[in-house]
Every structure is written in C-alpha cells, then in structure tokens.
1. Take the alpha carbon atoms of the chain, find their radius of gyration, then divide it by 2.2 N^0.38 Å using N residues; give the quotient.
2. List Lys168, Lys37, Lys138 from most exposed to least, where exposure is judged by having the fewest other Cβ atoms within 10 Å.
3. Take Leu153, Leu339, Leu11 and order them by how many other Cβ atoms sit within 10 Å, fewest up front.
4. By per-residue mean of other Cβ atoms within 10 Å, what is the highest-first order of 56-64, 311-319?
5. Could you put Val7, Val98 in order, starting from the residue whose Cβ has the fewest other Cβ atoms within 10 Å?
6. Which one of Leu120, Leu87, Gly31 has its Cα pushed farthest toward the positive end of the charge dipole of the chain, where Lys and Arg give +1 and Asp and Glu give -1 at the Cβ?
7. Using just the Cα positions, wrap the stretch 237-361 in a convex hull and report its mean projected area in square nanometres, one decimal place.
8. Go through 195-205, 19-29 and give me the packing order, highest mean Cβ count within 10 Å leading.
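All of the numbers you see were taken from the coordinates with simple rules; none came from a lab. Note that the structure is a prediction, hence the values are computed from the model and not measured. Every residue, glycine as well, gets a Cβ built from its backbone with ideal geometry; the counts of neighbours run over all protein chains shown.
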Amino acid sequence: MTLEVDVSRRLGRLDIEAAFRAEPGVTALFGRSGAGKTSIIHMIAGLLGPDRGRITANGRVLFDSEERVSLPVHKRRIGYVFQDGRLFPHLTVGQNLVYGRWFTPRIERSENISTVSELLDIGALFDRLPGSLSGGEKQRVAIGRALLSSPRLLLMDEPLASLDENRKQDILPYIERLRDETNIPIVYVSHSLAEVTRLASTVVLVSDGKAEVVGPTVEIMARTDLFPMTGRFEAGAVIECTVSGRDAERGLTRLSSPAGELLVPAVDIAEGTVLRTRVRARDVMIATEPPKGFSALNVVPATVADIRTDPPYADVRLDAGGAALLARITEYSVRNLKLKKGRKVYAVIKSTAFDHRTLGLRKDG
C-alpha cells in the first residue's frame, strides 16, 4: 500500500504545497504549530479540497483536479485519529469499536475486534464508558475504532498532544506495534521531535505551508542546515543500534552501534532487539584527545564532517564509524580546539542522555 500526494491550496495568507510518498510504516509531517500540517492531512482525508493536484492510494485516485475526481470522505477508506480521540460519550468502548465497522462492507473487513483489542490491550475496557477512561486509554480505543474500519491508510493528527509525559510513554509502544504489525501506511502529524524520531521512517518537514524537505528520518535529523526547522534546542542525530548485553552490577545496558558500544541506563529489552536512539546535539561534547578522569561513560572516536556557525554557537556534524552525531558547542570552542573538516576527535556522551524516552523499537525493512 502506497500513498502519493501532490497538492496545493490557498488558505487565507498561507499557500499549502505538499508532495510526498508514504509507504507502509510511519511518515511524519513535522513542523511548528500553524505550519500547515493538519491542512495537508485534511486534504488527504477529503475534509478539505485542494485547489489543484492529485492524491492516490495504492494507485486508486482519491483526488485529481485535472480529471475532476474527488471521492467523498466515506469512500476513501481512511482511518483518522484526532488529538482528542472523539469517542461517542454515550457508547461503551465495545460499542465505539463496533461503530468503526459499520461503514465498511462486510466483504472488505480485514480486521476483527479480538485482534485489534489484543494489539492495543483494550479488551478489559469493553464495558466502560469513555468518561471513565484515562487519556491514554481513550486514544488506544480511538485507534482501535479507526483500525476496525479496515482503512487503506491511517491518519494520526497530534494523537499524543493532549497527554502528559507519562501517558505518552504508555501509548508510544502501542503505536510502534501498530506500525510493525500492520501493513497500513500511517501519516503521523506532530511537532514533537522525540515522537517523530522514535516512530517515523520518513519525515516531511513542513514550514509556512510548504513541504520543504522529504527523506529518511536518520538522514534528515543529521543535517545541520535543517536545524532552523527541526529546532536547535532538541535537534540531534538518530542512531540505530542493537541491545548487546547487560551490566547488572553497574545498572547499565550495552548497545552496539556503528559508532561503537554505548552504555545506557538499564532497560528491560531483550538482547538482540534493534533500537533507534536519539542523541541530542546539546548532550554531545567534543574532545581532541582521549579524555580521562570524568563521569561520562561513552567516548566515541569520530571525524568532523561539517561545521555550521550560528554565533555565538556552532553546530558540528561528526562521522562516527558511519553513524552521524551532532554536537552543539560555542563558536569559541571551535576556534579554541582548532576544529575543521576532517579532524579526528572524540565525541563524549553522558549515559544519562539516553533514557526510555529516547529509545524506540526500530521497524525492520
């Protein structure tokens, strides 16, 4: 299943223009609030008509301005998960879930209630009303209702924005399971870099209505020239690694990566599990000699690949065994350390820079 989007629409003073392709897995529309992300997925869903363009899902035309084709919402077979869930308050969880199937012809129903409830761990909630559910439980039910419509595509519009940090961490593993255990493309709207780097295989950077850059998450996050759009404070590189062992005595977990072995606070994840971890640029220091007598446990040999100055700061991209790392330091430090492209250095990363919020299961393939 593949979604292809190439649309434009004038909305007040904002010109929306987006062209991208979404495969099975998560494609994230990332950008600041008001950038136009929700308008783009509204056009995909049929809630907003483009002025021109074309939208296809697995070759099936949903919209084509030249051919004057615009399928109504109920014929697009798209599941939509809103920020607030929008469950029917007078219906039980079970009734809300069943409602998701009513508009899908019986012969086209590819999902069943037991499979979806197991995937999202909502079986015990069937007899409860939405008003008695936590925010995370409501969102899991909303996702289940969308899945039971047997959608060809799932749109998720800031699904975690209304949740506190603990509830977000509760629901993220379910979205990972949804990504990995279904063959449904997911277009995920967010302005949270942590969510995007954990979930998405492809990122569409949206700024002032335009889909400015489209590419693999690992590549997009390693580009220092995109910091103005990804956000300098939270910007950082994404590294794929494998759980290689545990150090129970010190309370640490070992991760093998192209950059070398990384030590992180102990996580309850099986050896051999492939993870994706985000290393923020502000959590990386640079040394020109192997450092001694300090607390950071991760010292990674690297080569300076690029330096971009933003006085009084500088963003330094490092090549660590083929993995990209980013360091945000002062312009003074660049001069003081005589950093330049090609120089051999050491990246110093605190183990505490890694926690459960920065580690996410990687989708294979």
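1. Relative to the 2.2 N^0.38 Å estimate, the chain comes out at 1.08.
2. Lys168, Lys138, Lys37
3. Ascending number of Cβ neighbours within 10 Å: Leu11, Leu339, Leu153.
4. Order by mean packing, descending: 311-319, 56-64.
5. Least crowded to most crowded, the residues run Val98, Val7.
6. Checked the options; the winner is Gly31.
7. For the stretch 237-361, the mean projected area of the Cα convex hull comes to 7.5 nm².
8. 195-205, 19-29
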